[in-house]
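Participant: So that we are looking at the same thing, I have put the structure below in structure tokens.
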Amino acid sequence: MFRMLINGKLEAGSRTMEVIDPSTEEVFDTVPDATVQDVDMAVAAAATAYPGWRDRSVDDRASVLEAMADTLEANIDELADLLIAETGRPRDLAMFELAQLGAGYLRYYASLRLEPELLIDDETRKVELHRKPLGVVAAIVPWNAPVFIACNKIAPAMAAGNTVVVKTAPTTPLTTLRMGELFADIIPAGVLNILSGGNDAGSHLVQHQDVSKVTFTGSTQTGRKIMEACSATLKRVTLELGGNDAAIVLPDADVATIAPAIFGFSFFNSGQVCAVIKRLYVHDSLYDEMCDTLGAIAASCKVASGREADAQFGPIQNKAQYDKVCAYIEQAKRDGKVVVGGDIPDGAGYFVPLTVIRDVSEGHAIVDEEPFGPVLPVIRYSDVDDAVARANASPFALGGSVWGSDIEQASAVASRLESGSVWINQHCALDPSVPFPANKQSGFGVEGGVEGLYPYLALQMVNIAKPQPGSA
């Protein structure tokens, strides 16, 4: 059984919880289920370690992040096996999350250097803007991309000089706990603490009086609760929440060229990503061709356990989400027409076929809500202005994209979308150096880029009066 990392030591805790393989629905491991006392220990360790970590040089802190990335890469095969076991995803996707995303974000934030900004320097005064770390950061990680999102929170927090307490998702704790074991001898005691546990641990961590900031990725519903819990102590909060990303295919688009990319950006990780395409608006003139092409691609793909070498898409990660996705598909079959998929297979595992639904529109749950699974509604439109208005009508505004042959025209349409990120002829193009903000009920704050470092820092103005001639 893997153990939690608390104050540089590996702790088994006083109680355990089971981990289920989504490909078999069988329990295959147990992990610690953090108690309130475990949370208190972790926060106390982080608070004690904070002054020393804060006062280390930026280069020293960066060297630790680099060592973490080196360790992750050196153990990537073992970590990939764990990630496949707890998520069911194919190996190439597991390797991508570990190397390009996990290690990539650690290295990016290790590379950043922020200098004080000189605002005024005249005869009477010198004014500088400094950015200072906050203290203890609580990082709440979801189940759909446990390594990437953990690293995307740990890296900027530690680079900024904060200490961190991570709480893993209950259904995907293994890979992150193992990383903690591997990091134990690399990171000074208390600087990074990793807990596995359920809602009790998460709730206590978020409300803890010694936590200065909470960064959370997950559902909008849970984000509201976290924001409310943080209000008592006015904690800083970054929330990256649900999305219902719209993609608009313009009349001049070439379906044969763009359909494979649209398919990939819709069904990536079996649709279990907040910022993949979840609503596809296609012009009348291209609608039938797009539906048929996407259906043909989906029909050619294999959905299976990630342990199978030829698996291209894995299962839904957990039973609760599986039930939700199945319900969305059953409702969509009544509301529209199935192009491909739609029939849930018998047998073990939370497997859902890649499903394309046509002839649906706003007012149907599959369009208005976020299934968070491998199902794509294709929506017909005839007027571009109408498509933009419909795309913007959602309460979610995480990402959006526009697809067309005329880049200038596509850019003009994209500029009218309200989402935090807008892509042209691509979607969900994640890069550690590029900010990823959220708008509307998809959250607030920003991750990625230099801008993603700022939420882990407090502003401090240093205002110096210069000696004046004749003054005493």
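The values are calculated or read from the model by the stated rules, or taken from the named source; none is laboratory data. In this text, all values refer to a predicted model and were calculated from it rather than measured experimentally. FYI the Cβ positions are ideal-geometry reconstructions off the backbone, even for glycines, and counts take in every protein chain you see. Surface areas here come from the heavy atoms of the whole protein model, side chains and all, with no ligands, DNA or RNA. Shrake-Rupley method; radii C 1.70, N 1.55, O 1.52, S 1.80 Å.
Participant: Working out 0.36 nm times the residue gap between residue 67 and residue 330, then minus their Cα-Cα distance, what length gain in nm do you get to one decimal?
Facilitator: My answer for the length gained is 89.9 nm.
Participant: From largest to smallest, what semi-axes in whole angstrom does segment 69-185 give when each is the square root of 5 times an eigenvalue of its alpha carbon gyration tensor?
Facilitator: Semi-axis lengths for segment 69-185 are 36, 14, 11 Å.
Participant: To the nearest 20 debye, what charge dipole does segment 1-120 have about its Cα centre, counting +1 at the Cβ of each Lys and Arg and -1 at the Cβ of each Asp and Glu?
Facilitator: 480 debye
Participant: Moving on. Per residue, how much accessible area does the chain show when a 1.4 Å probe rolls over the protein heavy atoms, in square angstrom?
Facilitator: 39 Å²
Participant: How big is segment 387-449 by Rg and Dmax over its Cα atoms, in Å?
Facilitator: Cα only, segment 387-449: 11.8, 33 Å (Rg, Dmax).
Participant: For segment 1-145, what is the convex hull (Cα atoms) projected area averaged across all directions, in square nanometres?
Facilitator: Answer in nm², one decimal: 11.6.
Participant: Loop-only check: which trypsin sites (Lys or Arg not before Pro) in segment 103-151 are DSSP coil with at most 15 other Cβ within 10 angstrom?
Facilitator: Qualifying residues, ordered by number: 113.
Participant: Okay, moving on. To check my understanding: the extent here is largest minus smallest coordinate of the Cα atoms along each principal axis. What are those three numbers for segment 343-384, in Å, largest first?
Facilitator: 45, 15, 13
Participant: Can you give the helix-only mean residue ellipticity at 222 nm for the chain, where every DSSP H stretch with n ≥ 4 adds -39500 (n - 2.57) and the sum goes over all residues, rounded to the nearest 500 deg cm²/dmol?
Facilitator: -11500 deg cm²/dmol
Participant: Given segment 53-115 reduced to its alpha-carbon atoms as identical point scatterers, what log10 I(q)/I(0) does the Debye formula return at q = 0.19, 0.28 Å⁻¹?
Facilitator: With no solvent term, the Cα-only Debye profile gives -0.70, -1.09.
Participant: Using C-alpha positions alone, give me the convex hull volume of segment 282-344 per residue in cubic angstrom.
Facilitator: Dividing the Cα hull volume of segment 282-344 by its residues yields 99 Å³.
Participant: What do you get for Rg/Rh of segment 251-321 when both radii come from the Cα atoms and Rh is the Kirkwood radius?
Facilitator: With Rh from the inverse mean 1/r over Cα pairs, Rg/Rh is 1.02.
Participant: What span do the alpha-carbon atoms of segment 124-183 cover on each of the three principal axes, reported in whole Å from largest to smallest?
Facilitator: Largest first, segment 124-183 extends 59, 22, 16 Å along its Cα principal axes.
Participant: Mind listing P(r) for segment 344-441? All alpha-carbon pairs, 5 Å bins, whole percents.
Facilitator: So the P(r) values, bin by bin, are 2, 11, 17, 22, 21, 13, 7, 4, 2, 1.
Participant: Using only the Cα atoms of segment 89-147, what semi-axes does the equivalent ellipsoid have when each is the square root of 5 times a gyration tensor eigenvalue? Give whole Å, largest first.
Facilitator: Its equivalent ellipsoid spans semi-axes of 40, 15, 7 Å.
Participant: As I understand it, the dipole of the chain uses +1 on the Cβ of Lys and Arg and -1 on the Cβ of Asp and Glu, about the Cα centre. Which of 312, 388, 12 lies farthest toward its positive end?
Facilitator: Selected residue: 12.
Participant: How big, on average over all directions, is the shadow cast by the Cα convex hull of segment 241-359, in nm²?
Facilitator: Projected area, direction-averaged: 7.8 nm².
Participant: Could you point to the residue in 300, 439, 321 farthest towards the positive end of the chain's charge dipole, with +1 and -1 charges on the Cβ of Lys/Arg and Asp/Glu respectively?
Facilitator: Sorting the options by dipole projection puts first 439.
Participant: Quick one: P(r) of segment 1-70 from all Cα-Cα pairs, 5 Å bins, percents rounded to integers, in order of increasing distance.
Facilitator: Computed distribution, short to long bins: 3, 14, 15, 16, 15, 14, 11, 6, 3, 1.
Participant: Something else: Out of 397, 364, 348, whose Cα points farthest toward the positive end of the dipole of segment 335-405 (charges: +1 Lys, Arg; -1 Asp, Glu; placed on Cβ)?
Facilitator: Working it through, the farthest residue towards the positive pole turns out to be 348.
Participant: Still on this model: Please compare each pair in 132/235; 213/440; 167/225 to a cut-off of 23 Å on the Cα-Cα distance and tell me which ones are over it.
Facilitator: Checking Cα-Cα distances, every pair stays at or under 23 Å.
Participant: Show me the helices of the chain, taken as full DSSP H stretches, that run 27 Å or more along their long axis by Cα and average -1.0 or above in Kyte-Doolittle hydropathy.
Facilitator: Those that pass (Cα extent of 27 Å or more, hydropathy at least -1.0) are 36-55.
Participant: Roughly speaking, what is the stretch gain from residue 406 to residue 36, that is 0.36 nm per residue apart minus the C-alpha to C-alpha distance, in nm to one decimal?
Facilitator: 127.5 nm
Participant: Relative contact order (percent) for the chain, with alpha-carbon contacts under 8 angstrom and 6 or more residues of separation?
Facilitator: 19 percent
Participant: Compute the orientation-averaged projected area for segment 159-217 from the convex hull of its Cα atoms and round it to one decimal in nm².
Facilitator: So the mean shadow area of the Cα hull is 4.5 nm².
Participant: Placing unit charges on C-beta atoms (Lys and Arg positive, Asp and Glu negative, everything else neutral), compute the dipole magnitude of the chain about its Cα centre in debye, rounded to 20.
Facilitator: So the magnitude is around 1340 debye.
Participant: Quick one: dipole size for segment 311-358, taken about the Cα centre, charges +1 on Lys/Arg Cβ and -1 on Asp/Glu Cβ, in debye to the nearest 20.
Facilitator: Magnitude of the dipole: close to 160 debye.
Participant: For residue 465 and residue 323 in one chain, what is 0.36 nm times their gap in residues minus the Cα-Cα distance, to one decimal in nm?
Facilitator: 44.6 nm
Participant: State the Kirkwood hydrodynamic radius of segment 162-277 in Å, one decimal place, computed from all pairs of distinct Cα atoms.
Facilitator: That comes to 17.1 Å for segment 162-277.
Participant: Next question. What part of the accessible area of the chain, given as a whole %, is carbon or sulfur when the probe is 1.4 angstrom?
Facilitator: 51 percent
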